1. Within the group A128, A148, A107, which residue is more than 16 Å from ligand 1 (Cβ to nearest atom), over 30 Å from H35 (Cα atoms), crowded, with 21+ Cβ neighbours inside 10 Å and not basic (K, R)?
2. Scan (1) surrounded by fewer than 18 Cβ atoms within 10 Å (Cβ to Cβ); (2) under 30 Å from L119 (Cα atoms) for the single condition I230 breaks and write down its number.
3. What are the residues in the range 216-264 that are of a type in the set (G, A, S) and either in contact (Cβ under 8 Å) with a residue 12 or more places away in the chain or assigned to a helix (DSSP H, G or I) (or both), if any?
4. Among the listed residues I235, I182, identify the single one that is touching a helix residue (DSSP H, G or I) at 6+ places or on another chain (Cβ under 8 Å), within 20 Å of S249 (Cβ to Cβ) and either among the hydrophobic types (A, V, I, L, M, F, W, C) or buried (at least 17 other Cβ atoms within 10 Å of the Cβ) (or both).
5. When you scan the range 261-320, how many residues do you find that are under 17 Å from S9 (Cα atoms) and among the basic types (K, R)?
6. Could you check the range 84-148 for strands (runs of 3 or more DSSP E) lying wholly inside it with 2 or more residues that are more than 13 Å from ligand 2 (Cβ to nearest atom), closer than 22 Å to D73 by Cα and in contact (Cβ under 8 Å) with a residue 24 or more places away in the chain?
7. From the list A186, A161, A193, A242, exactly one residue is within 16 Å of ligand 2 (Cβ to nearest atom) and either closer than 20 Å to H35 by Cβ or out of contact with any Gly (no Cβ under 8 Å at 6 or more places or on another chain) (or both). Which is it?
8. Quick one: in the range 283-317, of everything that is away from ligand 2 (no atom under 16 Å from the Cβ) and assigned to a helix (DSSP H, G or I), which residue is surrounded by the fewest Cβ atoms within 10 Å (Cβ to Cβ)?
Amino acid sequence: MIILGIETSCDETAAAVLKDGVVLSNIIASQIDTHKQYGGVYPEIASRLHIENIRGVVQQAVEEAGIAYQDIDAVGVTAMPGLIGALLVGVNFGKSLAFSLGKPVIAVNHVEAHIAAALIENGVEFPAVALVASGGHTSIYLCEHEGADYELLAKTRDDAAGEAFDKVARTLGLDYPGGPSIQKAAVGGDINALPIPQVRIEGSHDFSFSGIKTKVLNHVNKLEQQGQPIPVADIAASFQHAVAETLSSRLIELAEQHYARSVILCGGVAANELLRKSVAEKAAGAFNFIVPQPIYCTDNAAMVAKQAGYHFANDEFADISLNASSR
Ligand code: KG4
Ligand code: ZN
């Protein structure tokens, strides 16, 4: 079974071909260099760049996979959630292509696709507890089996973890996207330089990152007012450590409570080395720890095709009326 996956929910135009779940091609046209100058994703520009890039990206994915368009059994496309103008480009292209080939189109949820990324190169023993940490989401799910019906156990009440990385990076004068910039800046920094307490919401496992972000902002403002230099490495290291500790401890706590056999770490923030290390250490001896390689953590279409494969197996198809949804 050959599935073409298409992803345009944010700032990557991506297409991938999977055959029986195995990646034959995985093409990503990143818009980061364009959005960098605005310090974050500029939605209208994102839509316009998707329009410009999608034809070539899909063509390249098909060519690199060594297949012909007619070999495609179904087209899977991210239909929600994301930037609406960006999503519409992929949805419209995907269903038009499927229609012209006489093949079915499959609507994919971007968050479920991030979890599916963990299954591209790994077998997972269920039940699993999965943390999806990205620029738009920070949620923990109980997964009883692959593909669907995930139960939400915890979510962020305000900023997503990746959003906090991006905002703190901006405060420190570092480039967008903030995650990789902070990871780099934190090397050699002192994790105890800026004490950041763990945030706990009474009677809940939910996250809150806006307080951590504000603490960094206030600290930097104070130093600037005093005319003192900003210890970027120390602040980056302290922030990164605090976020990694919060995410990893909450994930393990919920895995214990739900008698999980595996813990899954996914989404763009899962590319963070300290977070990967922190979860690996806490999971050791108790859970199988599954984390995709970094290229499958940040937005890509292989994970979209992977998730579409589960829907294909369950006969879950969309039709030509398929629309996108920001939520
Ligand atoms: O999954 P993703 O590519 O797009 C969304 O669905 O949002 O995640 C993007 C987010 C950005 O906020 C980015 O700063 C963060 O993932 N990110 C990282 C790292 N690489 C990307 N955060 C921490 N450390 C990283 N190495
Ligand atoms: Zn994503």
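The numbers here are math on the coordinates, done by the rules we state, and not lab data. What you see is a predicted model, and the numbers here were worked out from it, not measured in a lab. Glycine also receives a Cβ, built like all others from the backbone with ideal geometry; neighbour counts cover every protein chain displayed.
1. A128
2. For I230, the failing item is (2).
3. Taking the range 216-264 and keeping what is of a type in the set (G, A, S), we get 227, 233, 236-238, 242, 244, 248-249, 255, 260, 262.
Once the filter is applied, which keeps residues that are of a type in the set (G, A, S) and either in contact (Cβ under 8 Å) with a residue 12 or more places away in the chain or assigned to a helix (DSSP H, G or I) (or both), the range 216-264 yields A233, A236, A237, S238, A242, A244, S248, S249, A255, A260, S262.
4. When all the criteria are applied, what remains is I182.
5. The total comes to 1.
6. 105-109
7. The conditions single out A161.
8. A313
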